[in-house]
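Rule-based calculations on the coordinates, nothing more; no lab input. Note that the coordinates shown come from a computational prediction; the quantities given were computed from them, not determined experimentally. Here the Cβ positions follow ideal geometry from the backbone for every residue, glycine too, while neighbour counts run over all protein chains shown.
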């Protein structure tokens, strides 16, 4: 019985590592993205957690990342990106384009 339990546990170990995506947090405050630059690993799927601390909605938009998501005031959303080739991927806030700008750098 112990041998079966050990064998079953060993089979599941590789699967545990596959389920976890790397997470990066991006905050919208005073119509700015903070930080304005996020470095992510190239070749891996990652999760951006975007938290809007403002009292107005904002839209995370990136043509290069092929993502567009509205974030309600005082709320959070998860946006999955990648796997990305090494390079720079700009993003902006559709509702405050003059200030809400940033870049994802895959390396």
Tell me yes or no: at least one residue of segment 68-75 is out of contact with any helix residue (DSSP H, G or I) (no Cβ under 8 Å at 6 or more places or on another chain) and farther than 19 Å from residue 25 by Cβ.
yes
Per the filter on segment 29-48, residues farther than 15 Å from residue 90 by Cα, assigned to a strand (DSSP E or B) and within 12 Å of the chain's Cα centre (by Cα) are 46, 47
Expected output for segment 52-67 (first residue touching a residue at least 40 places away in the same chain (Cβ under 8 Å), partner part of a strand (DSSP E or B), Cβ below 7 Å, 6+ apart or cross-chain) is 58/28; 58/52; 58/71; 58/93; 62/89; 62/90; 62/91
Within segment 77-107, residues exposed (fewer than 14 other Cβ atoms within 10 Å of the Cβ) and within 12 Å of the chain's Cα centre (by Cα) come out as 78, 80, 83
